[in-house]
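Heads up, the thing below is written out as structure tokens.
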Amino acid sequence: MKLAVRLLMFLLVPAVLFALPWWTLVAAPTGGTGPLFWAGTAVGVLGFLALPAGMFLGHGPAQSDPAVIVGDTLLGVLWVVFSWSVLGLLARGALAVAGVDGELAARIVAGGVLAVSAVLIGWGVYEARRVPRVRTVDVAIRGLAEQLDGLRVVVVTDTHFAALDRRRWSERVVEVVNAQRPDIACHAGDLADGSVAKRRAQVDPLAKVDAPLGRFYITGNHEYFGDAQGWIDHMAGLGWQPLHNEHRTLAHDGARLVIAGIDDPTGVGLPGHGPDLPAALAGADPDLPVVLLAHQPKQIADSAAAGVALQISGHTHGGQIWPFHYLVRLDQPVVAGLSRHANNTQLYTSRGTGFWGPQLRVFAPSEITVLVLHPERA
């Protein structure tokens with residue numbers, strides 16, 4: 001019964017996503033007849049069949065990289081066209097109120113949706129594949145020693161190295177990170193999709209990140225869809241320090257700071273994995289401020305209760321493809337940026353450095369983040 005329900009949803013969701021664009025771009029402007037109608041319908045049917053096939057062959061047991069590229073690209077393109085088709089419905093209503101003929105209105109809306117979607121898809125591919133811009137944010141930390149004023153924490157997250165070979169992109173990201181002169185470098189999870197054997201060539205340039213006070217890594221949810229322990233071991237081999245529910249006390253100019261990290265909640269149920277904040281902070285000096293790496297923003301509730309000064313997260317991608325951020329907000333307390341929470345705990349949520357799935361970013365630019373820490377003053 002459960003398998004039947006899953007299969008139904010697997011086919012129903014693409015059907016809904018295809019139905020509205022088909023009606024907006026094909027059925028309504030052609031009146032349901034003629035060569036353009038049948039050609040457009042054929043393209044729609046092929047897309048409807050290719051999307052679930054690509055997703056299953058790519059993300060299922062076969063783990064086919066070509067299928068991943070096809071399925072994920074179709075998903076991103078379809079989401080853009082579907083979203084603007086929804087807006088097209090509103091535009092048709094407005095045109096009807098203005099007295100525009102129904103057939104003419106359908107053609108105007110179809111042309112507008114097609115043009116806007118094409119521009120946004122092209123721009124979205126560029127935004128996803130380029131080296132992220134640097135975003136610098138000043139963060140006042142309670143209890144931070146004056147000697148640590150100006151400490152630079154550079155954050156990358158959600159690199160999602162996957163089917164598309166982005167080794168050169170990875171090398172360029174490292175160049176930009178090092179140009180920021182980080183004291184501390186952090187990777188806040190979702191390093192790669194796939195096994196170490198398949199993705200290590202894209203990840204290995206991270207070994208060249210230079211941060212004198214340390215390079216720290218935590219698992220995201222996507223590590224637990226593959227080989228989390230393998231990635232923890234591999235990052236350790238590259239000279240990064242995995243914070244697997246643990247902390248380190250950093251010393252600089254006679255002052256100290258605690259940096260800690262916890263697993264993603266997806267690891268619960270896997271022996272030795274899953275977030276354990278008490279274990280991560282066990283033995284830490286309670287008088288020192290804590291900077292915590294936690295992949296998902298919603299882990300802030302536990303961080304605030306524990307008195308963490310700053311939590312650094314990713315996971316949301318800032319929504320990645322507008323207007324998906326509205327759905328992300330249903331699951332997470334913050335989509336992007338610096339926010340303040342209970343017990344004066346702050347949260348910085350990165351929009352991510354790479355992208356997951358569709359190689360598109362629309363109104364959600366990627367980032368390499370420089371958090372410049374300062375003592376909190378009255």
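In nm, what is the difference between 0.36 nm times the number of residues separating N178 and A94 and their Cα-Cα distance?
25.1 nm
Just to check, using Stokes-Einstein with a Kirkwood Rh over alpha carbon pairs, what's the diffusion coefficient of segment 114-169 at 37 °C and 0.692 mPa s in µm²/s?
215 µm²/s
Would you grab the residues whose amide H sits under 5 Å from the one on G354? Only those 5+ places off in sequence or on another chain, please, with H modelled 1.01 Å from N.
HN-HN under 5 Å from G354: T157, T159.
Tell me the per residue accessible area of the chain using a 1.4 Å probe; a whole number in Å² is fine.
Spelled out: the 1.4 Å probe surface of the chain, per residue, equals 44 Å².
Using only the alpha-carbon atoms, how far is helix 228-237 inclined from the longest principal axis of the chain? Give it as 0 to 90 degrees, nearest 10.
50 degrees
Ignoring ligands, DNA and RNA, what percent of the accessible area of the chain is carbon or sulfur (1.4 Å)?
The value for the chain is 64 percent carbon and sulfur by accessible area.
Okay, which of segment 351-371 sit inside 17 Å, backbone N to the point 7 Å along the Cα-Cβ direction of L87?
361-365
To one decimal place, what orientation-averaged projected area in nm² is obtained for the convex hull of the Cα set of the chain?
21.9 nm²
At a 1.4 Å probe radius, which order do D193, D253 fall into by accessible area, largest first?
Ranking D193, D253 by accessible area, largest first, yields D253, D193.
Using the Cβ atoms and a cut-off under 12 Å, what net charge is assigned to the surroundings of D253, where Lys and Arg are +1 and Asp and Glu are -1?
Residues close to D253 contribute a combined charge of -2.
Give the whole-number value, in cubic angstrom per residue, of the convex hull volume spanned by the C-alpha atoms of segment 20-89.
Taking the convex hull of the Cα positions in segment 20-89, it is 70 Å³ per residue.
Please state, to two decimals, what the Cα-based radius of gyration of segment 172-270 comes to when divided by 2.2 N^0.38 Å (N = residues).
1.10
If DNA, RNA and ligands are ignored and the probe is 1.4 Å, what is the ranking of D72, D101 by accessible area, most exposed first?
Ranked from most to least accessible, the order is D101, D72.
Using protein chains only and a probe of 1.4 angstrom, how many square angstrom of R135 are accessible, to the nearest 10?
80 Å²
Once the mean 1/r over all distinct Cα pairs of segment 1-132 is inverted, what Kirkwood radius in angstroms do you read off?
For segment 1-132, inverting the mean 1/r across all distinct Cα pairs yields 16.2 Å.
I want the antiparallel fraction of DSSP beta bridges within segment 283-378, as a percent rounded to 5.
Percent antiparallel among DSSP bridges in segment 283-378 is about 35.
When DSSP beta bridges are limited to those with both residues in the chain, what percentage is antiparallel, rounded to the nearest 5?
Roughly 35 percent of the DSSP beta bridges within the chain come out antiparallel.
Under the rule a/c < 1.5 gives rounded, and otherwise a/b versus b/c splits prolate from oblate, where does segment 228-368 land using the Cα gyration tensor?
Note, shape of segment 228-368 comes out prolate.
Can you tell which of V203, V176, V290 shows the greatest fluctuation in a Gaussian network model of the chain with Cα springs below 10 Å?
Ranking V203, V176, V290 by mean-square fluctuation puts V176 first.
What is the spin-label model distance, in nm, from L36 to R248 if the labels are put 7 Å beyond Cα along the C-beta direction?
Roughly 6.1 nm, to one decimal.
When the chain is treated as a GNM, springs tying every alpha-carbon pair under 10 Å, which of G230, G318, G102 comes out with the largest mean-square fluctuation?
Ranking G230, G318, G102 by mean-square fluctuation puts G102 first.
From the helices alone, meaning DSSP H stretches of at least four residues, give me the mean residue ellipticity at 222 nm for the chain, per-run term -39500 (n - 2.57), in deg cm²/dmol to the nearest 500.
-13500 deg cm²/dmol
Equivalent ellipsoid semi-axes for segment 169-211, as square roots of 5 times the alpha carbon gyration tensor eigenvalues: give them largest first, rounded to whole Å.
Ellipsoid half-lengths, sorted descending, are 21, 11, 8 Å.
Using a 1.4 angstrom probe on the protein heavy atoms only, could you order K198, K208 from most to least accessible area?
Greatest to least solvent exposure: K208, K198.
The values are calculated or read from the model by the stated rules, or taken from the named source; none is laboratory data. Just so it is clear, the model here is predicted, and its values are computed rather than measured. Here Cβ is always computed from backbone atoms with ideal geometry, including for glycine, and neighbour counts include all displayed protein chains. Just so you know, the surface numbers come from the protein's heavy atoms only, side chains and all, with ligands and any DNA or RNA stripped out. Shrake-Rupley method; radii C 1.70, N 1.55, O 1.52, S 1.80 Å.
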